[in-house]
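The next block holds one structure in the form of structure tokens; read it before the comments.
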Amino acid sequence: MKKFIVFISLIILISCSDQNNSIAEQIKTNSSVLILKKFHPTEKYYFSKYHYTLTLDAPVEVINPNSFIRQKYTNFKGNSDTISITNESKVMIAKVTHSPFISNTYYLKAGDTLVVDFSDLRNIKEYYQSKNALQGDIEPIYVKDSIDIQVMFSNDKQQRKANHLKDSLRLVENERKLDSLFAQNLVTSFIYDARKLSYFYSRKTKNIDINDESHLKHDSIIGIRAYQSYVKSFTAKKFTIKLTSSDYEVFYEPLSMFDAVYDSNFYGENVKEFLLYESLKNMQHKTSFTDVKLRLDKFNKVTKDSLLITELKNSFLLDFDELITDKNNIHFIDYQKQTTTLSKLLEANQGKVVYVDFWASWCTPCRKQMPFSKKLHHKYGDKVVFVYISIDTDFDKWQKAVAQEQLAIDGNNLFAVNYPKANFYKELNLSSIPRYLLFDKQGKLVHKNAPQPDSQEIQKELEELLE
């Protein structure tokens, strides 16, 4: 009971920022600044052992604890990048990810200027330039080792258990240090509160201490990742929702999660909106178009944020519902969502050899072939048309992968709208990628399983077709 009273006190300290006039008097601005020096984030990382590609959604995310919507920053010059943050809450949270091994979470109050210098990755410097910052307001960065990363994909239960213990002990030690600094007045009180909340819910989730419904209405901290994990774990346990997976991530079965939350009345308004939104995002994997549309209509009745609805509609390509369900034709859209078909593409390139590359943002072997494909494109120029067709289910993730791979080549970079429903894909037995097709100068499919770009065979095939 005492722990719960302390917990509620922490929430009050974070959510009621308007009541603390003494802090407001000390601060002349309602913004903070994050400066990143020599920041060259690793946008993609290959786990060859596990046949997996990890791509960053955004190297920097800024979070208001009161909202689960994150401001994402993706473009960095690398010398010295400055991010100005509007402090919508007493404390804002900045998640900075350099690579799968190097990331940290920073808490910024209005008036803070925080510098993170990545010039030496073995000695990353983190410091405040502002006068009102305290020594303990930063938790020093923790650099993971390869085992920490690989365990995410390991089937070895003992390895996962050992890593779980290691992680738990690190959290305990970090919380102990935080308490010690706070006792010495070396941590700003509401930064201390925010970090304590994160530790509190991390501990409860890891220990599967997720039985108390009273924790489901804390709308003012829905932006904190540890709390998000807690409410998802609680829901999964209460309604016996199983984990499922796509080709590149693990999540709770989205239809069951959505329906259980939608019909429940013990969630806070923001918490419920978050859980429904997360479930909808995960429906991009192996969920029927009809099921998605039905639940999006329900979500529209719950949310007050029209931008969320627009984002989901764009991501699910709901404006292309007729094309998505068409089995007789092969429909594509480009980066600007302009439509075309395979027949139009071949007709437009009559007289040229067409080399089609089926890939996806999450496919490691596909993306490893991209540099070799570009070399081929450079060698053959206008004689061979290189077409990249993604079978991603998430239009936004495809767009990010296109930018990372710099695939805007001759505009022949397309998103497969009605994969795998079209009969063409079934006739090809296109169930795994990468997969390559070759069409001759007359637009006839001459190779249903063409050699990949890094092979000597593909050059022989192309030379023969060009004769």
Self-check item: Counted residues, the stretch 86-109 - those being aromatic (Phe, Trp, Tyr) and outside any strand (DSSP E or B)
Solution: 1
Quiz item: Only one residue in Lys90, Lys44, Lys95 is modelled with pLDDT under 95, within 26 Å of Asn270 (Cβ to Cβ) and touching a Ser or Thr at 6+ places or on another chain (Cβ under 8 Å). Which one?
Solution: Lys90
Practice problem: Name the residue, out of Gln228, Gln184, that is more than 26 Å from the chain's Cα centre (by Cα) and either acidic (Asp, Glu) or within 23 Å of Val91 (Cβ to Cβ) (or both). | Solution: Gln184
Self-check item: Residues satisfying the stated conditions in the stretch 415-447, i.e. closer than 20 Å to Lys383 by Cα and within 34 Å of the chain's Cα centre (by Cα)
Solution: Tyr436, Leu437, Leu438
Practice problem: Quick one: count up the residues across the stretch 235-250 that are open to solvent by 70 Å² or more (accessible area, probe 1.4 Å), within 19 Å of the chain's Cα centre (by Cα) and free of Cβ contacts under 8 Å to residues at least 60 places away in the same chain. | Solution: 2
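Which residues, taken from the stretch 311-331, are at pLDDT 80 or above and over 15 Å from Asp396 (Cα atoms)? Break it down stepwise before answering.
Keep residues of the stretch 311-331 that are at pLDDT 80 or above, which gives 311-313, 323, 326-331.
If the condition is that a residue be at pLDDT 80 or above and over 15 Å from Asp396 (Cα atoms), then Leu323, Asp326, Lys327, Asn328, Asn329, Ile330, His331 are the ones that fit.
For (1) touching a Leu at 6+ places or on another chain (Cβ under 8 Å); (2) open to solvent by 10 Å² or more (accessible area, probe 1.4 Å), each residue gets a yes or a no:
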{"residue": "Tyr252", "(1), (2)": "yes, yes"}
{"residue": "Ser256", "(1), (2)": "no, yes"}
{"residue": "Phe266", "(1), (2)": "yes, yes"}
{"residue": "Leu275", "(1), (2)": "no, no"}
{"residue": "Thr290", "(1), (2)": "no, yes"}
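Being under 22 Å from the mean Cα position of the chain (by Cα), open to solvent by 30 Å² or more (accessible area, probe 1.4 Å) and of a type outside the set (D, E, K, R) is the filter here; which residues of the stretch 85-122 pass it? Before the answer, list the steps.
Filtering the stretch 85-122 down to residues under 22 Å from the mean Cα position of the chain (by Cα) leaves 85, 92-107.
If we keep only those that are open to solvent by 30 Å² or more (accessible area, probe 1.4 Å) too, we end up with 95, 101, 105.
Correct list: Phe101, Thr105.
The values are calculated or read from the model by the stated rules, or taken from the named source; none is laboratory data. From a predicted model like this one, the values you see are computed outputs, not experimental measurements. All Cβ positions, even for glycine, are placed from backbone atoms using ideal geometry, and neighbour counts span all protein chains on display. Remember, those area values only see protein heavy atoms, side chains included, never the ligands or the DNA or RNA. Shrake-Rupley method; radii C 1.70, N 1.55, O 1.52, S 1.80 Å.
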